[in-house]
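Taking it in order: structure first as structure tokens, then the write-up.
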Amino acid sequence: MAAIVTPTQQVIPPRKRRKIAVSRWLVHVTLFVLAVIWLTPSVGLLITSFRPREAIASSGWWTAFTPARFTFENYALVLNAQGMGDSFLNSFKITLPSTFFPLFFASIAAYALAWVQFRGRNVLQLVILALLVIPIQITLVPVLQFFNQFKLTGTYLGIWIAHTAYGMPFAIYLLTNFFSSLPREILESAKIDGANHWVIFSRIVIPLSVPALASLGIFQFMWVWNDLLVALIFMSDPASQPVTVRIQALLGTYATEWHIMSAAAFISMSIPLMVFFALQRYFVAGLTAGAVKT
Amino acid sequence: MSKNNLLGWFFVFPAVILIVAFLIYPTIRTIQLSFDKGLGFKPTEYVGFDNYVNLFTRDRFFFDISQFPPHGAVFNTVVWLVLFTVGTVGIGLVVAVLANSVRYEVLIKTIIFIPMAISFTAAGIIWRFVYSPDVNTGILNAILIGLFPSADPIPWLGRIDIVNVALIVAGIWIWTGFCMVILSAALKGLPQEIMEAAQVDGANSWQTFWKITIPMLMPTIAVITTTMVINVLKAFDLVYIMTAGGPRGASRIIGFTMYWETFQNGKPGYGSAVAVIMLLLMLPFVIVNIRRFRNQEQS
């Protein structure tokens, strides 16, 4: 549409050229308006999180620069007095193992599904495909009862296991697809050289799959960090709850105290946003892997 | 051969245990609970189809056809399905196509995509802020009062007739970036010659878009539409954070109702029936997934 037709440009009559100029202008305006709509909500809350409480109550954030009065007090208050600091650490304690374990168990399973001819393989693949769309809501009550019975409710071990299990179908699906796209010759020649499956898996397949593992790892990290539902049910104890559950609890008391809610929201967003900007390519790849078929 | 069997099962063993213990067995158990009172999260008192019958005949928060338009979580979910899917896929398509022709493509796509990185919880707080009825906080009401000084601020999340649309707008804000990224990738994969041929034949960009780009993107549009529909059927967080189903139950959707009945109202059997309905709504997508896999295996 844009500049591909340089040679023909001289042929275009002036009236048509004016029309093209108008439509170009429309494209810019539309994109500009969408960008403003998409940015305004977050920017507004971000500015608010740095404004003193009285200022928030007496004037809109859009007037915050005249006169400019900003403070870090909201963040200090929320991190210390409102427990967001502890929750922030809890989120890491929940998320890191809940990212590593699914990656580990899914990759060995995916290796077998992609490269070992064993009986039941096809059935297993169908089950995993079916489970991809199953809502976890259907599992919550029995899992909670099971956890209560084994005293796992509210423990880190419990939520690690739960997230590992819930992450399994997507992780296996993504990795099986990736592993089976690796060139057969490399694996065959390793086998001829006498390498067993464990060596092929750990020395060849895993190193070749770093981009896929990175995408999946980042996806799982973000998913667990941002999860509310699972943590709400299994980690509701204030001492061990992650940021999402903490925010939900703060909302009960401080729903309209925007100096608290805004800072709390941005503390919870800080890690996902950093991961997003640093590793955007892998994050997008992991997120879209389920929708785009290979 | 048998060596491979042993080895294969050894490799998938941990994954299979987790899947059976946390997904398959609980699903069966939830189906069982849906025919029970389920107090204490286990079968206590068999009630047959009572939970299902009550959901569709006595629960005006779930299914209410006594008035027009119908009310309840089922119908709110239908409204979500239509508006949310059209909004995310439609705006995603517009941004993908328009951004393709400008130099700041990466910038605009990043801006639209950012909400995908944050939690629905944080997004919910952001939009509660936008919708605040206080004109010193909520920008929507500030604009409204700025334009019409005599108007009253609108409590967007407090009005039965507006709340669902307000929530859906927040949902669209989150998910449009996802649709945009996938559509944009598909768009760049289209053979350029066809577009150029059409332009040489005198088609303007409007015609090229409707007659060539859209039909060729159709398979991708179908895939992301499916993804968005599944999202709505599972959705919970945004409604829980922004309205908790209110005002007076007006913004409940199916995924929220399951949580609410089970964990807030203390009726696990009843909530399980809702979960089973969610599962039934998902079944067509299970079949689509499996069929797609079969086709891939053959080709």
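The values are calculated or read from the model by the stated rules, or taken from the named source; none is laboratory data. Nothing here was measured: the structure is a model prediction, and the numbers come from that model. Cβ sites come from the backbone with ideal geometry, for glycine too, and all protein chains shown count toward neighbours.
Some notes on this structure:
- Members of segment B:221-252 that are over 18 Å from B:Thr88 (Cα atoms), part of a helix (DSSP H, G or I) and of a type in the set (Ser, Thr, Tyr): B:Tyr240
- Extreme residue, nearest to the other protein chains (Cβ to nearest Cβ), among residues of segment B:59-81 that are over 16 Å from B:Met258 (Cα atoms), part of a loop (DSSP other than H, G, I, E, B) and not hydrophobic (A, V, I, L, M, F, W, C): B:Pro70
- Here segment B:98-110 is the region considered, the condition is being facing another protein chain (nearest Cβ under 7 Å) and touching a residue at least 12 places away in the same chain (Cβ under 8 Å), and the residue that is surrounded by the most Cβ atoms within 10 Å (Cβ to Cβ) is B:Ala99.
- Residues (without any contact (Cβ under 8 Å) to a residue 60 or more places away in the chain, of a type in the set (A, V, I, L, M), closer than 15 Å to A:Leu46 by Cβ and more than 8 Å from chain B (Cβ to nearest Cβ)) located in segment A:250-294: A:Met274
- Selection status of B:Gly255, outside any helix (DSSP H, G or I), farther than 30 Å from A:Ser23 by Cβ and out of contact with any His (no Cβ under 7 Å at 6 or more places or on another chain): no
- From the options B:Phe113, B:Phe148, B:Phe120, B:Phe84, residue that is away from chain A (no Cβ under 13 Å), aromatic (Phe, Trp, Tyr) and under 19 Å from the mean Cα position of the chain (by Cα): B:Phe84
- Complete set of residues in segment A:234-249 that are assigned to a helix (DSSP H, G or I), surrounded by fewer than 22 Cβ atoms within 10 Å (Cβ to Cβ) and either under 15 Å from the mean Cα position of the chain (by Cα) or in contact (Cβ under 8 Å) with a residue 12 or more places away in the chain (or both): A:Gln248
- Counting the residues of segment B:6-30 that are surrounded by fewer than 22 Cβ atoms within 10 Å (Cβ to Cβ), among the β-branched types (Val, Ile, Thr) and under 10 Å from A:Pro142 (Cβ atoms) gives 2.
- Residues of segment A:250-288 that are outside any helix (DSSP H, G or I) and over 16 Å from the mean Cα position of the chain (by Cα): A:Ala255, A:Thr256, A:Glu257.
One line per residue, one yes/no per condition, for (1) without any contact (Cβ under 8 Å) to a residue 12 or more places away in the chain; (2) in contact with a strand residue (DSSP E or B) (Cβ under 9 Å, 6 or more places away or on another chain); (3) more than 30 Å from B:Ile24 (Cα to Cα):
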position: A:Pro41; (1), (2), (3): yes, no, yes
position: A:Trp62; (1), (2), (3): no, no, yes
position: A:Glu73; (1), (2), (3): no, no, yes
position: A:Phe88; (1), (2), (3): no, no, yes
position: A:Ala114; (1), (2), (3): no, no, no
position: A:Val123; (1), (2), (3): yes, no, no
position: A:Leu126; (1), (2), (3): yes, no, no
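- Of the residues contained in segment A:113-127, one or more are found to be in the same structural domain as A:Glu188 (by TED's automatic domain parsing), in contact with a Ser or Thr (Cβ under 6 Å, 6 or more places away or on another chain), over 30 Å from B:Phe41 (Cα atoms) and not polar (S, T, N, Q).
Here is a yes/no grid of residues against (1) facing chain B (nearest Cβ under 7 Å); (2) among the aromatic types (Phe, Trp, Tyr); (3) on the phi > 0 side of the Ramachandran plot; (4) touching a Leu at 6+ places or on another chain (Cβ under 9 Å):
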{"residue": "A:Ala112", "(1), (2), (3), (4)": "yes, no, no, yes"}
{"residue": "A:Phe118", "(1), (2), (3), (4)": "yes, yes, no, yes"}
{"residue": "A:Asn122", "(1), (2), (3), (4)": "no, no, no, no"}
{"residue": "A:Phe147", "(1), (2), (3), (4)": "no, yes, no, no"}
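- Applying the condition of being facing chain A (nearest Cβ under 8 Å) and part of a helix (DSSP H, G or I) to segment B:25-42 and asking which residue is farthest from A:Leu113 (Cα to Cα) yields B:Gly40.
- A:Asn90 vs. criteria touching a Pro at 6+ places or on another chain (Cβ under 8 Å) and part of a helix (DSSP H, G or I): yes
- A:Ile159 meets each of the listed conditions (1) at the interface with chain B (Cβ under 7 Å from one of its Cβ atoms); (2) crowded, with 21+ Cβ neighbours inside 10 Å; (3) assigned to a helix (DSSP H, G or I) apart from (1).
- You will find that of B:Ala122, B:Ala166, the residue that is among the hydrophobic types (A, V, I, L, M, F, W, C), in contact (Cβ under 8 Å) with a residue 12 or more places away in the chain and either under 30 Å from A:Leu250 (Cβ atoms) or assigned to a strand (DSSP E or B) (or both) is B:Ala166 and no other.
- Residue match in segment A:195-218 (condition: under 20 Å from A:Ala162 (Cα atoms) and part of a loop (DSSP other than H, G, I, E, B)): no
- Hits in segment B:43-52 - residues which are at negative phi and either part of a loop (DSSP other than H, G, I, E, B) or surrounded by 13 or more Cβ atoms within 10 Å (Cβ to Cβ) (or both): B:Pro43, B:Thr44, B:Glu45, B:Val47, B:Phe49, B:Asp50, B:Asn51, B:Tyr52
- Evaluation of B:Gly171 against (1) more than 8 Å from chain A (Cβ to nearest Cβ); (2) part of a helix (DSSP H, G or I); (3) farther than 17 Å from A:Leu34 by Cα; (4) in contact (Cβ under 8 Å) with a residue 40 or more places away in the chain (one fails), failing number: (3)
- Selection of first residues in segment A:2-24 that are modelled with pLDDT of 65 or more and of second residues that are not in a helix (DSSP H, G or I), restricted to Cβ pairs under 8 Å at least 6 apart or on distinct chains, gives the following pairs, ordered by first then second residue: A:Ile20/A:Ile12.
- Number of residues in segment A:84-127 that are within 21 Å of the chain's Cα centre (by Cα) and of a type in the set (A, V, I, L, M): the value is 6.
- Test: residue in segment B:173-193 that is within 22 Å of B:Thr257 (Cβ to Cβ) and of a type outside the set (Gly, Ala, Ser): yes
- Boolean, A:Leu175 is assigned to a helix (DSSP H, G or I) and within 10 Å of chain B (Cβ to nearest Cβ): no
- Subset of segment B:241-290 (residues that are of a type outside the set (A, V, I, L, M, F, W, C), surrounded by fewer than 20 Cβ atoms within 10 Å (Cβ to Cβ) and more than 10 Å from every other protein chain (Cβ to nearest Cβ)): B:Gly246, B:Pro247, B:Arg248, B:Gln264, B:Asn265, B:Gly266, B:Lys267
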